[in-house]
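The values are calculated or read from the model by the stated rules, or taken from the named source; none is laboratory data. In this text the structure is predicted, and so the values were computed from the model without any measurement. Quick reminder, even Gly has a Cβ in these numbers, built from the backbone with ideal geometry, and neighbours come from all protein chains shown.
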Amino acid sequence: MGSFSIWHWLIVLLVVVVIFGTKKLRNIGSDLGGAVKGFKDGIKSGGETTDDATVVPPSQQVGTAKRVDPHTVDVEAKTKS
């Protein structure tokens, strides 16, 4: 009772193929394979650091005259204590 026999798995496979069709299952398989490959490539290149790829945050604009809405709250300037 605890495990399924080969006949149970074959019936489940047949029902899945009938419901989704072979073309859709092939597309799902290729999408899943591409996602796994992209994840592995991301993990491999994630540990590499180069000096050329350093990210510099954009500087704040100083001296530009803009109309400030009194209802706008700058979350970095005001913190709730």
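Every residue, every condition in (1) charged (D, E, K, R); (2) on the phi > 0 side of the Ramachandran plot; (3) at pLDDT 85 or above, yes or no:
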residue	(1), (2), (3)
Asn27	no, no, yes
Ser30	no, no, yes
Val36	no, no, yes
Lys44	yes, no, yes
Gly47	no, no, no
Pro58	no, no, no
Gln61	no, no, no
Thr64	no, no, no
Val68	no, no, no
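Of all residues in the range 1-29, those being in a helix (DSSP H, G or I), surrounded by 10 or more Cβ atoms within 10 Å (Cβ to Cβ) and not β-branched (Val, Ile, Thr) number 11.
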